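Each reported figure results from applying straightforward, stated rules to the coordinates on display, with no laboratory input. Note that this is a predicted model, so its numbers are computed, not measured. Neighbour counts run over all protein chains shown; Cβ positions are idealised from the backbone, glycine included.
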Amino acid sequence: MPFRRTGEGDRTSQGVLVLFLLAILLVFSCLLSLHVGPTGVGLRDLFSYLTGNGDSLTTQERVILEAVRLPRTALGLLIGAGLAVSGAMMQGLFRNPLADPGIVGVTSGAGLAAVCAIVLGGGVLAPVAMVLGNQFLPLMAFFGGLLVTWALYAIATRDGRTSTTALILCGIAIGALAGAFMGLLIVMADDRQLRDITFWSLGSLGGATYGRVLSILPFIVFVMGIIPFVAKGLDALILGDAAAFHMGIPVQRLKKIVIVAVAAACGSTVAVAGSIGFVGIVVPHLLRLAMGPSHRFLLPGSALGGGALLLIADSVARTVAAPAELPIGVITALFGAPVFLFLLIGKNGIGARDLP
């Protein structure tokens with residue numbers, strides 16, 4: 001079985017402690033995100049502003065804080081939480097710690113749908129774009145991610161068991177196919193559309209606005225809102241579909257809800273910030289080592305840890321090459337890829353336990 005219990009006895013106190021530490025880390029990462037940048041905002045002035053007394057801020061600092069950094073911090077928090085929770089849910093659904101929206105092709109499907117929205121939104125899809133308004137791009141990416149997630153589950157799962165090999169190979173095939181169609185659409189795109197496509201292909205929070213925050217907020221709220229209702233079911237799925245069914249879990253309904261949630265989180269984040277990899281696999285796995293496999297702690301912990309990780313990565317992206325800004329997808333890949341390889345090929349890593 002892909003997942004194994006990492007300890008004996010009740011680990012509630014350990015889970016609560018880790019959640020408390022993650023909450024502190026998230027607060028620190030939010031303050032860091034608001035503080036650092038090409039034009040710094042002093043910590044004393046920042047605390048004064050956050051406590052309702054912003055008289056010490058200059059006009060320039062106030063504009064930077066309110067128009068740039070606050071929406072950017074909010075967007076990074078939502079995206080990081082959504083990616084990490086969707087990764088944890090996907091791993092629970094497939095009973096495999098290698099499952100991740102970016103690795104198995106869900107991000108590619110959402111990205112292809114986003115490119116379709118960018119390139120065709122002023123053409124054949126214009127009537128749909130007019131009806132949906134600001135939600136057009138996130139909804140297109142959501143349905144792209146939903147279609148791929150459903151296809152992955154149907155192809156990789158047989159008799160209640162998910163094949164790791166089939167999962168990864170199917171993700172590679174979907175990614176290649178999506179890349180081919182993206183290439184065709186890029187040929188059709190004009191200069192403005194090419195800039196939009198380049199923006200999200202590397203992953204960036206540089207275009208953060210309150211409008212973008214509001215456009216993905218319903219999707220992320222939905223994903224966070226179902227955590228209390230799916231945690232017990234995902235724990236039961238570790239034992240297999242039959243065992244979960246005999247424990248009173250509505251297995252098929254649970255799977256449908258999780259698939260929709262993964263697509264909602266992945267699709268909406270790809271639509272507004274592009275492809276940001278490894279958050280959905282590294283954060284849940286590290287937390288599983290720290291607090292155990294129980295999803296009632298793992299899912300909220302992933303939300304806190306994912307938000308903190310992405311905000312810290314964004315702070316690094318804004319400062320390491322200032323005044324230039326690195327794509328945040330580059331930072332998460334530089335951190336996440338080595339960690340993923342260590343987990344995969346280590347003596348007691350994922351690959352040593354789970355790959356056939």
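Sequence-distant contacts, meaning Cα pairs under 8 Å at least 6 residues apart, place the relative contact order of the chain at 32 percent. Rounded to the nearest 0.05, the FRET efficiency derived from the C-beta distance between Ala166 and Leu202 at R0 = 25 Å is 0.25.
Determine the relative contact order of the stretch 202-356: mean sequence separation of Cα pairs under 8 Å and six or more apart, normalised by residue count, in whole percent.
Details: 133 pairs, mean separation 44.0, N = 155.
The normalised contact order for the stretch 202-356 reaches 28 percent.
Taking the average, over residues, of other Cβ atoms within 10 Å as the packing measure, peptides 59-70, 250-261 rank 250-261, 59-70 from highest down. Quick check on the stretch 4-155: take the gyration tensor over C-alpha atoms, sort the square-rooted eigenvalues as a ≥ b ≥ c, and tell me if it's rounded (a/c under 1.5), prolate or oblate. Oblate, since a/c reaches 1.5 and b/c is not below a/b. Put in order of Cβ neighbour count within 10 Å, fewest first, the listed residues Phe245, Phe136 become Phe245, Phe136. Calculated FRET efficiency, Arg44 to Ala321, Cβ-Cβ distance, R0 = 25 Å: about 0.40 to the nearest 0.05.
How big is the Cα convex hull of the stretch 12-354 in projection, averaged over all directions, in nm²?
Numbers: hull surface 74.0 nm².
It is 18.5 nm².
Here the 3J(HN,Hα) profile of the stretch 204-220, calculated from phi with Karplus coefficients 6.51, -1.76 and 1.60 at θ = phi - 60°, is 7, 9, x, x, 5, 9, 5, x, 5, 4, 5, 5, 9, 4, x, 5, 6 Hz, Gly and Pro shown as x. Note on the chain: helix-only mean residue ellipticity at 222 nm, from DSSP H runs of 4+ residues weighted -39500 (n - 2.57) and normalised by residue number, equals -24000 deg cm²/dmol. Between Gly102 and Thr107, Phe278, the built amide H atoms are under 5 Å apart, and every one of these is 5 or more places off in sequence or on another chain. Take the Cβ atoms of Leu177 and Ala242, set R0 to 41 Å, and the FRET efficiency comes out at 0.75.
How much length would be gained if the chain were fully extended between Asp190 and Phe28, taking 0.36 nm per residue of separation minus their Cα-Cα distance, in nm to one decimal?
Numbers: separation 162, 0.36 × 162 = 58.32 nm, distance 4.16 nm.
My answer for the length gained is 54.2 nm.
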